[in-house]
Amino acid sequence: MAYEVTATRRRPQRFEDLVGQEFVAQTFKNSIQSGKIAHAYLFSGPRGCGKTSTARILAKALNCAKGPTASPCGECPACKEITAGSSLDVIEIDGASNTSVNDVRQIKDEVLFPPNSCRYKIYIIDEVHMLSTSAFNALLKTIEEPPPYVIFIFATTELQKVPATIKSRCQQFNFRLVPVEKVKEQLAAAAAELGMKAQDEALYWIAREAGGSMRDSYTLFDQVAAFSDGEITYEKIRDKLGLVGVDRLNELFTLCINGDSQTALLKLDEYLQNGVSIEQLISNCTDYLRSLLLIKNGVKKEALLGQSAERFSKDVLEAWSSVQIERALSIFLNLYRDIRYSLNSRYEFELALSRLCWLKEYVSAAEVKKAVDGVKPLLDTAAYPRKIQTYSDGTPAEQPSVQGRQPSVSRPGGMPVFTALSGSAPESGQGSHSFPEGGAEPPLNKSAEDEYDGSEWQAAPETELEPELKPEPQLKAESAPAENRPAIQDATPEKVRDAMVAEFSVNDAMLASAILQTENWQKNGAVVSCEAGNEYEQVQLRNASSRISAFMSPAFGETVKFEVRLKKREDAAVKKQLPPKVEMLRNMFKGTVLGY
């Protein structure tokens, strides 16, 4: 007996044999049993999903000697002739070869004659979308009102090319791709018929490569069976067809997560030297990354992955987040499109592999925004470490008010607000208005302690200050010359520092803010030193060291030298104390968290 390919040998002969088209099969069964047979049908769907086979089964069901019946016997002469393709009353026409209007006119002449030996004369026109416009127009009247013994069955893979006038005259059935599980079951049955052993992993690979087409799966199965020598295994498929298995891909992507670009590029060269094509390797890597993404999202269905989830590297799954795997998958999808227009497809692949080696550092814009939003309250608090209230000579505002001294309130961050500008009434008895000569009444500012809520500075309501904080209208917010500045009684480094903040806030707010952020002020002999929180503030204070020394010398009553050093920080301690989101931002930008 002549050899038959698996696709022909296992062609469905009954409606029950249709795989993945249960809706179509059940609809035809019910129609035949109820006697509601249409005069024209239009089958559409992807290749190899059973359109032509369904048309033949329908022809047998209508012309069977025991019918019309939903279950043709397959033994009567009509069934055997239709199965063999030799029936005179079931005419199969290739629409791709018979596209002219003359071919359609021949059909119009033939339909006038009744069937030779069967109950119905059935025309099966495959790839009907290939007919010309004139041919379609010539068919319209015949399809709309055919003789009662004529049935048309059209099949097409491109439904959009069929004119609407044809569609409206036919009952339409959309055939679907066959699920991978069902394709795998049919392949296992085909292997059993041949007496061959087959691994599930190998059959899953064939089913996935077929893309839902039963005919394609049977064709690929025959090719694999030819070199498998009685046992189909994934290793044989990998070696014979030049595939890169999951074990090798685990090895390659492990090098990528470790950032070992040199070894990864050498490994790529090894695969290419073994005869693996660039296109096939890209396809394998894309499937691998897709499977990683599914596993990362909790999908471990073997039919989707093509193999067990345990075979994929746990190191790769743990090293890359879902966003990073999505990025890697996008790189390879774009790579497959780009290699067609590239100078050298290998160069493109090496570039993509090099990018994967630093993919561990990739952070999406959405993740950055989420992290920044999460630490925004902490960053706002760190930006406003102090709230002080001092007089212009540096003494704390908690001390009793003294004639001629004006308190200044420093907002968080070192920007002062002077109560001389707040508009409270003087004690000179010239009236309650802030400005005796007229003008708009400005709002009053309370102290920073009362107003600051840790989020945003708000303007103070219009209330009067306490009597001891009322300003003297004659006071001018100007710095006194260094030689005329009196010494500070019981001067300490902290007192002098606070006095400098109040003094420099008038004309140099940036310097005042930098001094405000310093810590650990000490006086050793004629040297006054402090610690800056970062290098920028250290440089800023060093550039202004002469001005600072000139201010401090009269305050201490002796000539002093100013020095600033960088505050030492223990990174390990900082890491332990920082919240996770703050630590992530710190590592991302390779910076230092100040004032926390």
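Laid out as a table, the results:
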| item | result |
| --- | --- |
| Chymotrypsin sites (Phe, Trp or Tyr not before Pro) restricted to DSSP loop in the stretch 304-368 with at most 13 other C-beta within 10 Å | TRP358 |
| 10 Å-binned pair-distance histogram of the stretch 180-239 (Cα, whole percent) | 27, 63, 10 |
| Inverse of mean 1/r across different Cα pairs in the stretch 242-361, Kirkwood, Å | 14.4 Å |
| Principal axis dimensions, the stretch 83-236 - Cα atoms, whole angstrom, descending | 57, 36, 24 |
| Ranked packing of 543-553, 216-226, most packed first, by mean Cβ within 10 Å | 216-226, 543-553 |
| Principal axes of the stretch 6-174: Cα extent on each, largest first, Å | 40, 34, 31 |
| Extension reserve of the VAL539-VAL372 stretch, reckoned as 0.36 nm per residue once the Cα distance is removed | 57.3 nm |
| Inter-label distance for ASN258 and SER308, nm, one decimal - labels placed 7 Å from Cα along Cα-to-Cβ | 2.5 nm |
| Normalised alpha carbon radius of gyration of the stretch 121-209 [divisor 2.2 N^0.38 Å] | 1.62 |
| Neighbourhood net charge (10 Å Cβ-Cβ; Lys/Arg +1, Asp/Glu -1) for ASP247 | +1 |
| Lysine pair number, Cα distance threshold 20 Å (strictly under), the stretch 58-149, separation 8 or more or different chains | 8 |
| For peptides 244-250, 266-272, 129-135, sequence by mean Cβ density within 10 Å, most packed first | 244-250, 129-135, 266-272 |
| Ranked list, fewest to most other Cβ atoms within 10 Å of each Cβ, for LEU58, LEU241 | LEU241, LEU58 |
| For LEU42, residues with placed amide H under 5 Å, excluding near neighbours | PHE154, GLN171, GLN172, PHE173 |
| Cut-off 14 Å between beta-carbons: net charge of the residues surrounding GLU16, Lys and Arg +1, Asp and Glu -1 | +4 |
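Values quoted throughout were computed directly from the atomic coordinates according to the rules given, and no laboratory measurement underlies them. Remember, predicted model here, so these are calculated numbers, not experimental data. Virtual Cβ from ideal backbone geometry, glycine too; neighbours counted across all protein chains shown.
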